[in-house]
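Scroll down for the structure; my scribbles are underneath it.
The values are calculated or read from the model by the stated rules, or taken from the named source; none is laboratory data. What you are looking at is a predicted structure, and each value in this text was computed from that prediction instead of being measured. All Cβ positions, even for glycine, are placed from backbone atoms using ideal geometry, and neighbour counts span all protein chains on display.
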Amino acid sequence: MTLKAVGRAAAEEPEKPEPRTASEAEPEPVTMAGPIDVRSAALTVLAVLATILVLQYAQAMIIPIVLGILISYALEPIVARLTNWRVPRPIAAAVVLVAVTAATGYLLYSLRSEASAIVEQLPAAARRLREMVENDKPTTAVAIQQVQKAATELEKAASAAAPPPSSGVPRVQVEAAPFNVTDYLMWGSIGVAAAAGQLVLILFLAYFLLASGDLYRRKLVKIVGPSLSKKRVTVQILSEIDRQIEMFLLVQVFTSTVVAVATWLAFRALGVNQAAVWGILAGVFNSIPYFGPVLVTGGTAVVAFLQFGSVNMAVLISGISLVITSLEGFLLTPWLTSRAASMNAVAIFVGLLFWGWVWNVWGMLLAVPMLVVIKTVCDHVEDFKSVGELLGE
């Protein structure tokens, strides 16, 4: 081959691209290694759904058990202090439960007059609301007339589109049953009797748990097996649950008491009727994160508007209630709560939605302690540490 032929072949040969450096190379797609067991995932989903159905179906039995356990956790430090003074544990548990029940009953009995006054003021509040509507009657009447015209036109359109009725077929009209006060009183009495019976069962369960001491803890440690490591992990989990639940209940009782007292003093200074009752309600609803302060703020706004008949007073009183709950939620509670088991706001909000859907109002009240227990268990079990990480901050 001549030089001219070699040059022509080199010119016709396509140029090879220059190799790229490591920084210029295209990144490989990131993939997750490890097979996924579809059967195991399906069984897990079915188990979770079955657990949710059981929680909903058996809530009449599970909720008293959870309440009894929480009451025993709340009163355990006092019973332990009495046992240190050589008082037998069964007697100490009985004394503490009787004292707490008597104090609660006395508090409710002392507020009976204010509760009766609230019931007596309902007709006057309804009359005041009717007068406000009548004063704004022209605007309200025009709006109602427009809605009625729209409903009439829609009814005419539906009648025109419907097929004509066949001849010879009589029309049947269903009349609503008349209002019977006796039936409502009977169902209300049954509800009160059932609540009283459940309260007695909860107190008995709390007494047996307090009187037994660490009996069930020792039984759980024995059940996990002969392995010393498993026993150590079980003891750590139970101790952490005890610490977190006791701290949560202590903080919750203290902050609710602060909110109740502050609301009572503020409402009393502003001249709100039955300020003590509204203070106690504010303290109780304060135990529900997020939704509780909103309910208290809205309720106090309605109460103030019906009492004073002024929007300015309603805004002032509801604003003071919101300031009290906000200061408690943003300053006092984070300062008192331990950071070790704190949960993020999204987890708490989703937990409130879930437990509220499962157990209604009781679910919203018990959502946070249930989440505390779940997070504590997940943090100490290797297979569930990812769940604990999702719940934590």
Does LEU390 qualify as being surrounded by fewer than 17 Cβ atoms within 10 Å (Cβ to Cβ) and either touching a Phe, Trp or Tyr at 6+ places or on another chain (Cβ under 6 Å) or of a type outside the set (Ser, Thr, Tyr) (or both)?
yes
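For the stretch 285-393, list the helices (runs of 4 or more DSSP H) that sit wholly inside it and hold at least 2 residues that are more than 27 Å from GLN236 (Cβ to Cβ) and modelled with pLDDT under 80; which are they? Steps first, answer last, please.
Numbers: elements: 291-308, 311-327, 333-336, 345-380, 385-391.
Fully inside the stretch 285-393 and qualifying: 291-308, 311-327.
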When you scan the stretch 97-113, do you find a residue that is touching a Phe, Trp or Tyr at 6+ places or on another chain (Cβ under 8 Å) and either at pLDDT 85 or above or farther than 23 Å from GLY279 by Cα (or both), even just one?
yes
Residues of the stretch 216-241 being assigned to a loop (DSSP other than H, G, I, E, B) and among the hydrophobic types (A, V, I, L, M, F, W, C), in sequence order, are VAL224
The stretch 208-232 - residue that is among the β-branched types (Val, Ile, Thr) and modelled with pLDDT under 80 and, of those, nearest to ALA92 (Cα to Cα)
VAL221
